[in-house]
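Reading through the structure tokens given below for one structure.
Every number in this text was worked out from the coordinates using simple rules, so none of it is lab data. Predicted model only: the values in this text are computed from it and were never measured. Methodologically, a virtual Cβ is constructed for each residue, glycine included, from the backbone with ideal geometry; neighbour enumeration extends over all protein chains shown.
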């Protein structure tokens with residue numbers, strides 16, 4: 001018994017149209033060009049890995065002599081992240097209300113708020129740190145401001161999304177009895193969005209702690225300054241101590257924030 | 001002279017205006033006419049059951065009374081206010097006087113029953129002390145508790161709203177409406193998403209509260225027996241107009257049944 005042969009042959013692949021084909025070829029060409037343009041070569045890698053090995057070799061065992069100073073810097077770094085984060089979250093909240101669909105008082109205000117949040121988010125925190133180092137001088141204050149602005153951008157977006165996603169029923173019920181906008185927001189919207197707010201806030205803090213290490217490299221205070229100095233002086237075993245200390249701090253903050261998240265949500 | 005003496009009585013009757021007067025109300029959604037020049041008057045303190053097949057415009061009519069939906073044409077006077085003419089500010093002030101019970105209870109699940117009831121006070125006042133029962137002035141807390149007691153849920157005051165059953169949630173929503181101190185109650189299928197017994201209890205509660213407080217009530221229900229039992233007057237809507245209007249005790253269930261058909265295939 002043979003199967004009936006189909007009347008038409010079914011192609012295995014869709015034939016790409018000319019535009020798709022051209023875009024694909026250009027994208028591949030760009031990728032190849034990128035590889036050649038970044039100076040990544042086999043010889044360099046062959047030279048690089050042994051060099052990295054020798055640095056690692058000089059890093060161990062880590063030098064604990066400057067540990068008290070490093071821990072003090074680490075504390076400052078964490079405090080910088082904490083303060084910057086709290087300030088950022090506090091400022092992100094009203095901005096998120098202005099940017100949220102259905103809560104913003106006016107479409108123009110909504111677009112302005114969204115634009116501001118997007119701008120804060122897209123400019124990297126390192127760039128903010130450079131700006132604030134110039135504006136307020138070297139030290140943790142510049143780091144705090146940089147983290148604050150970065151977190152306004154990050155949390156502002158997620159706060160707004162969380163408030164847009166809540167069940168609209170309670171809002172409508174309160175609007176129907178003539179409640180004010182602030183009444184709607186704080187009675188119906190915020191309680192529903194709270195778990196999301198907490199998750200975003202904890203994640204912001206984790207991000208801020210990681211980010212605050214880098215900020216020191218441009219002079220915005222904290223442990224990054226120590227790290228830069230250690231590398232500049234080829235003091236690799238001290239650098240190793242700093243890197244391990246930073247690693248432990250980040251892991252600790254992530255663990256604690258996971259615990260809090262699980263407990264609260 | 002006899003005529004002159006009779007006049008004061010007449011004017012007294014005239015002076016007692018209806019709680020609701022609707023004249024020539026029209027509404028169309030696109031090409032579909034929902035209400036086609038509807039007229040209705042409701043005396044104060046009456047419980048009116050609004051019936052009609054699905055899509056007959058019952059919910060639309062109810063929402064238009066507080067202008068959650070805007071009518072195309074016609075005049076509505078509710079509690080002496082020309083609702084159709086109200087500017088946004090006065091409209092908000094007017095809405096405070098009308099309590100609405102929706103099919104969905106619309107509670108904030110993560111807050112306690114008591115906080116949800118307290119939110120009803122936002123009809124009169126705003127500010128942080130109206131957001132959570134923990135922040136509320138003692139008098140407001142006591143009133144919210146009393147409202148919960150009226151719906152039989154005083155013992156659940158601190159329970160989170162999302163842990164309550166459907167019937168209990170609807171009771172909390174009614175308590176929130178009482179907290180608003182309404183002068184007029186609109187209820188849009190308050191029994192729809194509940195099991196038969198809870199639905200009946202909710203209808204009984206609403207009717208009893210309206211009677212106890214002398215409030216005018218307009219209620220939509222898809223259950224014939226509820227409609228008959230928990231209303232003074234039945235108004236039937238079909239083809240955008242009122243095609244039935246009689247006291248509930250004189251209504252013939254067989255005649256009413258036609259207003260409850262067409263439900264299954266339209267939903």
Provide, in order from the shortest bin, the percent of all Cα-Cα pairs of segment A:162-205 in each 5 Å bin, continuing until the bin that contains the maximum pair distance.
5, 25, 28, 18, 12, 7, 4, 1
Among segment A:210-253, those whose backbone N falls under 20 Å of a label point 7 Å along Cα→Cβ from residue A:259 are A:210, A:245-253
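Apply the a/c threshold of 1.5 to the C-alpha gyration tensor of chain A and tell me whether it is rounded, prolate or oblate.
Note, shape of chain A comes out oblate.
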Any chance you could give the angle, 0 to 90 degrees and rounded to 10, that helix B:2-15 forms with the longest Cα principal axis of chain B?
40 degrees
Over the alpha-carbon set of segment B:25-146, divide Rg by the Kirkwood Rh and report the Rg/Rh ratio to two decimals.
1.04
Full-stretch length increase - residue A:233, residue A:14 - with 0.36 nm per residue and alpha-carbon distance subtracted:
72.8 nm
Please report the antiparallel percentage of the DSSP beta bridges confined to chain B, to the nearest 5.
55 percent
Evaluate the Debye formula for segment B:104-182 with equal point scatterers sitting on the alpha carbons, no solvent, and hand back log10 of I(q)/I(0) at q = 0.16 Å⁻¹, in q order, two decimals.
-0.45
The Cα radius of gyration of segment A:192-265, divided by 2.2 N^0.38 Å with N its residue count, comes to 1.37
Could you give the distance between the Cα centres of segment B:115-171 and segment A:129-166, to the whole Å?
38 Å
Working from Cα positions, state the angle (0 to 90°, nearest 10) between the long axis of helix B:138-150 and the longest principal axis of chain B.
60 degrees
Percentage, to the nearest whole number, of Cα pairs in segment A:11-53 over 12 Å apart
72 percent
Exposure proxy order (Cβ contacts within 10 Å, fewest to most) of A:106, B:133
A:106, B:133
Once you sort the root eigenvalues of the Cα gyration tensor of segment B:131-267 as a ≥ b ≥ c, which label holds: rounded (a/c under 1.5), prolate (a/b larger than b/c) or oblate (the other case)?
prolate
Here P(r) for chain B, Cα-Cα distances in 10 Å bins, as whole percents, is 7, 28, 33, 22, 8, 2, 0
Compactness ratio of segment A:121-243: Cα Rg over 2.2 N^0.38 Å, N = residue count?
1.48
Taking beta carbons within 10 Å but only from partner chains, what does the mean come to for residues B:176-183?
2
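Report the relative contact order of chain B, percent, no decimals, based on alpha-carbon pairs under 8 angstrom and at least 6 residues apart.
So the answer I get is 26 percent.
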Can you give the convex hull volume of the alpha carbon atoms of the protein assembly as shown per residue, in Å³?
327 Å³
Give me A:262, B:27, B:211 ranked fewest to most by other Cβ atoms within 10 Å of their Cβ, as a rough exposure proxy.
A:262, B:211, B:27
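Report the relative contact order of segment B:104-182, percent, no decimals, based on alpha-carbon pairs under 8 angstrom and at least 6 residues apart.
Here the relative contact order equals 47 percent.
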Test item: A:165-176 mean partner chain Cβ contacts at 10 Å
6
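Antiparallel as a % of all DSSP beta bridges within the protein assembly as shown, to the nearest 5?
Looking only at bridges with both residues in the protein assembly as shown, the antiparallel portion is about 55 percent.
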Project the alpha carbons of segment B:74-211 onto their principal axes and report the range along each, largest first, in whole Å.
43, 38, 25
For segment A:34-99 and segment B:38-53, distance of Cα centres in Å
71 Å
Using only C-alpha positions, report the orientation-averaged shadow area of the convex hull of segment A:122-173, nm², one decimal.
4.6 nm²
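Rounded to the nearest 500 deg cm²/dmol, what is the calculated helix-only ellipticity per residue at 222 nm for chain A, with -39500 (n - 2.57) per DSSP H run of length n ≥ 4?
That comes out to -26000 deg cm²/dmol.
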Tell me, what is the percent relative contact order of chain A, built from C-alpha pairs under 8 Å that lie six or more residues apart?
25 percent
On average, how many beta carbons from a partner chain sit within 10 Å of the beta carbon of a residue in B:108-114?
4
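Neighbouring Cβ atoms within 10 Å as the yardstick, rank A:123, A:8 fewest first.
A:8, A:123
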